[in-house]
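Undergrad: Could you have a look at this structure, given as structure tokens, before my questions?
The values are calculated or read from the model by the stated rules, or taken from the named source; none is laboratory data. Everything numeric here is computed off the predicted structure, so don't read it as measured data. Cβ placement follows ideal geometry from the backbone for every residue including glycine, while neighbour counts extend to all protein chains displayed.
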Amino acid sequence: MIGHSNRGLSKMCLPNRQRNDSTIHRWESKGLIGLWDNPRSGRKRSWNEEDWQCLERWLKEECSYTSKQFAKKLEREHQVKLGAEQIRRILKENWRWKRIRKQPPLGMSPKEVEAKKTDLAMLKKWAEMGLIALMYLDKSGCYPQSPLVYSYGEVGKQKIVKQKERRGRRINIMGVWEPDRKLEYGRIGCSLNAQRYIQILDAQAKQAIQKLFETGQFTAIVNNNASIHRASKAKERHNYWEKQGLLIFF
């Protein structure tokens, strides 16, 4: 800029003469730092720390809210007007919109979980050694509407919601899987109850006694903590299944 007049500078880069004078003055008084823009104040936040704490409390509840629902809830209960996009920007630093993990109503203590993990690892080892046949039983189904629920969850953590009683017609499937060997399943258009669970295990017990005579292997089936698996009628059959060479593991 040395050797140029304000008019010359206006033609080269800065069309405003007053701005030219201001820029030159900042350069002469502060050097290069004087050419940088000062931080702008911006609009004041329409929400405070108390509103954020309330939002965090809602996020940790055992239910799912969308950003639009959060916006309506904040306006209704705290008279804070925030758009859904604003809430998404606020949450994206520590929270993610992802699938919820459902937990059975009756959970186990951490000590019980660790003990079960140790027992299951031992069963897997025995299966690798050929001492037992290890199988897994589970069920699934198809609903008229999707049972998958998504919600905001903290980064690095998965939100868990306890299962509630679900009503409505669905197609149910229950199967028994032996890794790398076979998968047997049954499909019905009505509810899976303890009686149908017992029928499936009775059929597996017939196969288990035959395997025991032929190979000397017991059969162990891993079950989850579903209510039909722990029903009193099913527990009454455990001794019979064990005599047939079929062991039930929860």
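Undergrad: What residue, among those in region 216-250 that are of a type in the set (S, T, N, Q) and in contact (Cβ under 8 Å) with a residue 40 or more places away in the chain, is surrounded by the most Cβ atoms within 10 Å (Cβ to Cβ)? It would help to see each step written out before you state the result.
TA: Our first condition is that a residue be of a type in the set (S, T, N, Q); within region 216-250, this holds for 217, 219, 223-225, 227, 232, 239, 244.
Right, trim to in contact (Cβ under 8 Å) with a residue 40 or more places away in the chain and you get 217, 219, 223-225.
Details: Q217: 17, T219: 23, N223: 17, N224: 12, N225: 13.
Among residues in region 216-250 that are of a type in the set (S, T, N, Q) and in contact (Cβ under 8 Å) with a residue 40 or more places away in the chain, the one surrounded by the most Cβ atoms within 10 Å (Cβ to Cβ) is T219.
Undergrad: Please go through region 208-225 and give me each residue that is closer than 18 Å to W126 by Cα, part of a helix (DSSP H, G or I) and polar (S, T, N, Q), ordered by number.
TA: T215
Undergrad: Being surrounded by fewer than 11 Cβ atoms within 10 Å (Cβ to Cβ) and either modelled with pLDDT under 70 or part of a helix (DSSP H, G or I) (or both), is that true of even one residue in region 56-64?
TA: Yes, there is a match, as at least one residue in region 56-64 is surrounded by fewer than 11 Cβ atoms within 10 Å (Cβ to Cβ) and either modelled with pLDDT under 70 or part of a helix (DSSP H, G or I) (or both).
Undergrad: Assuming R43 fulfils every condition listed in (1) modelled with pLDDT under 70; (2) under 30 Å from S151 (Cβ atoms); (3) touching a His at 6+ places or on another chain (Cβ under 8 Å) apart from one, which condition is it?
TA: Against the list (1) modelled with pLDDT under 70; (2) under 30 Å from S151 (Cβ atoms); (3) touching a His at 6+ places or on another chain (Cβ under 8 Å), R43 comes up short only on (3).
Per-residue answers, yes or no, for (1) more than 36 Å from the chain's Cα centre (by Cα); (2) assigned to a helix (DSSP H, G or I):
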position	(1), (2)
R196	no, yes
K206	yes, yes
S227	no, no
R230	no, no
E242	yes, yes
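Undergrad: Regarding region 164-187, can at least one residue be identified that is outside the structural domain of K98 (by TED's automatic domain parsing), in a strand (DSSP E or B), surrounded by 12 or more Cβ atoms within 10 Å (Cβ to Cβ) and aromatic (F, W, Y)?
TA: Yes, region 164-187 has at least one match.
Undergrad: Take K211 and decide whether it is within 30 Å of L59 (Cβ to Cβ) and in contact with a strand residue (DSSP E or B) (Cβ under 9 Å, 6 or more places away or on another chain).
TA: Considered against the rule, which asks whether it is within 30 Å of L59 (Cβ to Cβ) and in contact with a strand residue (DSSP E or B) (Cβ under 9 Å, 6 or more places away or on another chain), K211 comes out as no.
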